[in-house]
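Throughout, read-outs are computed from the coordinates displayed, never taken from laboratory work. From a predicted model like this one, the values you see are computed outputs, not experimental measurements. So basically every Cβ, Gly included, is an ideal-geometry build from the backbone, and we count neighbours across all protein chains shown.
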Amino acid sequence: MEEIKKIIANMIYNAISSNEITLEDIEDKIETPKDKKNGDFAYPCFNLAKILRNSPINIANQIKEKIVLDEKISKVEVVNGFLNFYLNSESIANDVLKEIVKKGEDYGKTDEGKGINIIVEYSSPNIAKPFHLGHFRNTVLGKALYDLYENLGYHVIGINHLGDWGRQFGLLIEGYNRFKDEYNLENNPLEALSDIYTRINKLAKEDESIIDIARENFKKLENGDKELYELWKEFREISLKEYNRIYDVLKSRFDSYNGEAFYNDKMQEVIDILDKKGVLKDSQGAKIVEVGDNMPPCIILKSDGTTIYATRDLAAILYRARTYDFTKCIYITATEQILHFKQVFEVAKYLVDEKYQKGLTHVSYGMIRLKTGKMSTREGNVVYVNDLLEEAIKKSKDIIINKNPNLENIDLVSKQIGIGALIFNYLKSGKNKDIIFDLDETLRFDGETGPYVQYTYVRTKSILEKVGFDINNIDVYKIDLGLLKEIQEVDLIKSLEKFESIIRKAANEYEPSILSRYLIDVATQFSRFYNECSVANLEDENLKYARCILVYATSIVIKRGLSILGIDCPEKM
């Protein structure tokens, strides 16, 4: 509806004839009424009261009298200082449905971001630990943002900033040396390493000397100890092999796996620059940078001379600015790291040009908690994604067998539905909302769920198959789409038209749930249409084909929308 908003804005602008307000100001204030009785678009005239020195109601009436209606607008009404615009349903039906048929699965794509580089850093698990539920939310959120921006024409660089460095590896190495003979690392190596890490953590709480050993191990690792480096490298390769298997399932894409270790030889430059600029200060043996009165200082070097997350993140910013010339660099992590990124972004102004520093963006998300409390690898109470995926697929298969035991490709469909249900569940809620994990709730097959949206797509395919409709054999320009005048038809068409603007809004707000909720709305609108407007049993061939085109257009939007979220659509279920 962006084109129509521009048309309405021009109508109002030409009617006002004032130099004190711009066309852009008018367009920005055009809104969509919650109550459909108040039209498809509304413009509040209250902001014009001071400019035109009149009451909003009088202003609205005066503007209405001067407006020359466009063919896309059927009427304009004044209600309590608002100008309410009603669309011409026949014109909208022709424009929207013909565009969808023309573009097919490219519908909703734009090139507005052409030539602009955007980095999305996501997933970023700590190696040597199985992929758990906390990583799952990060990964599906990042994948969705990656695809949202790519859909808008941006050149997107996906970075998996692996947690593959730090004192925890000194601790893991000590645990490995103590307990390795008790484990078979050929089978489920990540689970073995995770168990070793849990054990050595518990032991370290009882024996503080283990912490000292871990520190010494990590210092040797940083200094290039060959034996420890080879062991660390093995931990990393084992981890990536397992992670990539899960990334394939979740359709995640990464252009770089450069994690914390990659910046080990790049941190000294950061320290030198900060020191040269006179912002690096001593504090009880540590090196810090002050970042304002409202935040604690950012630690660059600890008192023992070792680096921390902040040092490596700063080195990464410097490297990425030089390598990718990014306009925006998005970091996706849990809300617990909000302070960390505020500090790092503040220090970054001493390292990179202002355009890069302003492009640094932290997208936080709420925690996933178990019914028993917060997950913790150290404590050993986590839900592993591999187990979760397998259980979701198995439960989906049980439900399908019960409903449609003769379904072909049942294993593939079970996978599509099970994985889709999990992804959709964690993308339909606002990203900052904490979620209490409940597998049964996650895998519900009714209500506002992934399977419900997938089933709507399957229903569109079934209808078209029953009618024998093939879009490739239809000349859409010979079909009278103006016949689609029923309220259910018009509402569905208007919903489909919003697809591009929904994608843009979801990207701009870093909020894939905007797209998820939209797809639920489209599915609901289609259900109303399907229940009230016959398709297959119509004698009127013109109306039948017009409705078939509407059904086809709905299938395109649902399939495209779910694809952006990382969800496949089964053809039957």
Per residue, how big is the convex hull around the C-alpha atoms of region 436-573? Give it to me in cubic angstrom, could you? 124
Summing +1 for each Lys or Arg and -1 for each Asp or Glu, what net charge is found among the other residues whose Cβ lies under 13 Å from the Cβ of I423? +3
If K428, K72 are placed from fewest to most neighbouring beta carbons inside 10 Å, the sequence is K72, K428
How high is the relative contact order of the chain, in percent, counting Cα pairs under 8 Å that sit 6 or more residues apart? 16
The whole-number value in µm²/s of the Stokes-Einstein translational diffusion coefficient for region 83-217, with Rh from the Kirkwood sum over alpha carbon pairs at 37 °C and 0.692 mPa s, is 169
Using 0.36 nm per residue, how much length does the chain from K75 to M295 gain when fully extended, once their Cα-Cα distance is taken away? 73.7 nm
Which FRET efficiency value, to the nearest 0.05, do you get for D225 and E390 by plugging their Cβ-Cβ distance into 1/(1 + (r/R0)^6) with R0 = 41 Å? 0.60
Which entries in the list K114/K494; K251/K328; K75/K114 go over 30 Å, if you measure between the two C-alpha atoms of each? K75/K114
Taking Cα atoms of region 2-87, Rg/Rh with Kirkwood Rh, to two decimals? 0.92
Once both label points are put 7 Å beyond Cα along the C-beta direction, the F179-S563 separation in nm becomes 4.6
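What FRET efficiency would be calculated for the residue pair K205, N404, taking the C-beta separation as r and a Förster radius of 35 Å, to the nearest 0.05?
Using R0 = 35 Å, I get an efficiency of 0.10.
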Whole-Å semi-axes of region 262-379's equivalent ellipsoid, largest first, each the root of 5 times a Cα gyration tensor eigenvalue? 25, 19, 14
Env charge @ D304, Cβ radius under 9 Å, K,R +1 / D,E -1, value +3
With both partners inside the chain, how many of the DSSP beta bridges are antiparallel, as a percent to the nearest 5? 55
Relative contact order for region 2-87, counting Cα pairs under 8 Å that sit 6 or more residues apart, in percent: 28
Let me check I've understood the local charge: for K37, count other residues with C-beta under 14 angstrom from its C-beta, Lys and Arg +1, Asp and Glu -1. What total comes out? -1
Report, in debye and to the nearest 20, how large the dipole of region 262-379 comes out about its Cα centre when Lys and Arg carry +1 and Asp and Glu carry -1 on their Cβ. 420
Specify which residue in the list I502, I417, N472 is farthest towards the positive end of the charge dipole of the chain, using unit charges on the beta carbon of Lys, Arg (+1) and Asp, Glu (-1), about the Cα centre. I502
Modelled FRET efficiency - R0 35 Å, E186 with Y319, Cβ distances, 0.05 increments: 0.45
Grab the Cα-Cα distance for S55 and K505, subtract it from 0.36 nm times how many residues apart they are, and report the gain in nm with one decimal. 158.7 nm
Chain lengthening between E65 and S462 when straightened (0.36 nm per residue, less Cα-Cα): 138.0 nm
Computed Rg/Rh of the chain, alpha carbon atoms with Kirkwood Rh: 1.04
On a straight-distance basis, which aspartates and glutamates could pair with K276 in a cross-link, Cα separation under 16 angstrom, same-chain partners fewer than 8 positions away excluded? E290
